[in-house]
Amino acid sequence: MTGPPTTPPAGRPGSRSAPARPTIRDVATRAGVSPMTVSRTLRDDPRVSSTTRERVMSAVAELGYRRNELARNLRLGGSSGLVGLVVTNLANPFYSQLALGVEAVTGEHGLKVVLGNTGEDPQRERRLVEELTSRRVDGMIVVPAGGDHSHLDPISVGAPVVLAARPPANLSADCVLVDDFGGAREATARLLASGVRRPAFLGLPSWVWTTSERFRGFSAAVQEAGLEVDDRFVRRHHGTIATAQEAAGELLALQDPPDGLFCANSRTTLGAFRAVTVTGAQLALAGFDDFELADMLGVPLILVAYDPGELGRQAARLLEDRMAATGDAELPPRRVVVPTTVVEYGRG
């Protein structure tokens, strides 16, 4: 979305640069309120007190803030009854469970969920966020892609934003995370306790935050066991069962292959299981994400379990809090961590 061209201030034809136009943050500073309170005031939110409204509108007039700029970014009018949910990979069952958790909470408040999938593409994420903004959603829950989330600033979006599964980068926002480090550390420790001495790691690219945290937990457990992480035994793939199977096959084809493998998510575990089945290799398996029928695979498995639905429910509750905040009672950024447990299948 683009706005009208900037017109240089009259009376300064010879200046090299025009003074910066006042921003919503300038108005907030002048009025002594938060930027979100300014945005609520300018969209005539009935929750803003008359006293606060007067201060904000006085600051708008004093600074010459152009209220029509807000029409590009903020919702106008009343509630749309919609909540946006943006995820990175709908093929992963994790996200369907997360969506069900979000829907369980938002449905209690009469809100509908609009779902979008980015495929881990930051540019597609930006387009989806813009589309949701144009629909005047009342809030968004986003599993962010990439390493810069500044475009998810609630002031720009015009609605509260909560991040799920990955923490904010270049952004101050609520988030709900899984204990990725702790879960991976415990599962790897159990793998090593079973007798594994050449552990390998198989996951997504290192820029994916969950994978980097799980690799950190894997590495911590390996080092605590008096071993070293062998770079030959670290493989990354692109998120499908087929690419995981291929990467696991490469590990098994090494002259001195690993005797244990930690997989960073359920699809990776399934790919590794296929590789082990095809080759007939003897390889102890552990992974992040418990999954349906894991106990029916007929092989020993150590898996990190947690409730993806709880992740969605917690994210929706944080969003509800933001949407219900009134006046100047702005909440500080909050972080909720969903705990994990480790389960074992096919062992005695």
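Annotations
- Matching entry among R347, R322, R317, R313 (being in contact (Cβ under 8 Å) with a residue 40 or more places away in the chain and either assigned by TED's automatic domain parsing to the domain that holds R190 or in a loop (DSSP other than H, G, I, E, B) (or both)): R347
- Residue match in segment 92-114 (condition: of a type outside the set (A, V, I, L, M), touching a Lys or Arg at 6+ places or on another chain (Cβ under 6 Å), at pLDDT 90 or above and within 26 Å of A244 (Cα to Cα)): no
- The set of residues from segment 267-281 being surrounded by fewer than 22 Cβ atoms within 10 Å (Cβ to Cβ) and either within 23 Å of the chain's Cα centre (by Cα) or without any contact (Cβ under 8 Å) to a residue 12 or more places away in the chain (or both) comprises T277, G280.
- Pick from segment 50-72, criterion modelled with pLDDT of 80 or more and hydroxyl-bearing (S, T, Y), ranking: surrounded by the most Cβ atoms within 10 Å (Cβ to Cβ): T52
- Candidates are the residues of segment 227-254 that are touching a residue at least 40 places away in the same chain (Cβ under 8 Å) and over 17 Å from N92 (Cα atoms); the one that is surrounded by the most Cβ atoms within 10 Å (Cβ to Cβ) is A248.
- A200 vs. criteria of a type outside the set (D, E, K, R), in a helix (DSSP H, G or I) and not assigned by TED's automatic domain parsing to the domain that holds P122: no
- Filter pass, S266 being touching an Asp or Glu at 6+ places or on another chain (Cβ under 8 Å) and within 20 Å of T340 (Cβ to Cβ): yes
- Of the residues R216, R166, the single one that is closer than 29 Å to T240 by Cβ, outside the structural domain of A316 (by TED's automatic domain parsing) and of a type in the set (K, R) is R216.
- Qualifying residues in segment 208-224 (those that are of a type in the set (A, V, I, L, M, F, W, C) and either part of a helix (DSSP H, G or I) or touching a His at 6+ places or on another chain (Cβ under 6 Å) (or both)) - the one surrounded by the most Cβ atoms within 10 Å (Cβ to Cβ): F218
- Condition broken by R47, with the remaining ones in (1) within 17 Å of V162 (Cβ to Cβ); (2) modelled with pLDDT under 90; (3) of a type outside the set (V, I, T); (4) not in a helix (DSSP H, G or I) satisfied: (1)
- The sole residue among A187, A169, A173 that is buried (at least 24 other Cβ atoms within 10 Å of the Cβ) and of a type outside the set (K, R) is A187.
- L227 vs. criteria assigned to a loop (DSSP other than H, G, I, E, B), more than 14 Å from R197 (Cα to Cα) and aliphatic (A, V, I, L, M): no
- Among residues of segment 88-114, those that are surrounded by fewer than 18 Cβ atoms within 10 Å (Cβ to Cβ) and assigned to a strand (DSSP E or B), counted: 2
The values are calculated or read from the model by the stated rules, or taken from the named source; none is laboratory data. Predicted, not measured: the structure shown is a model, and the values here were computed from it. Note that we place each Cβ from the backbone using ideal geometry, even for glycine, and neighbour counts take in every protein chain shown.
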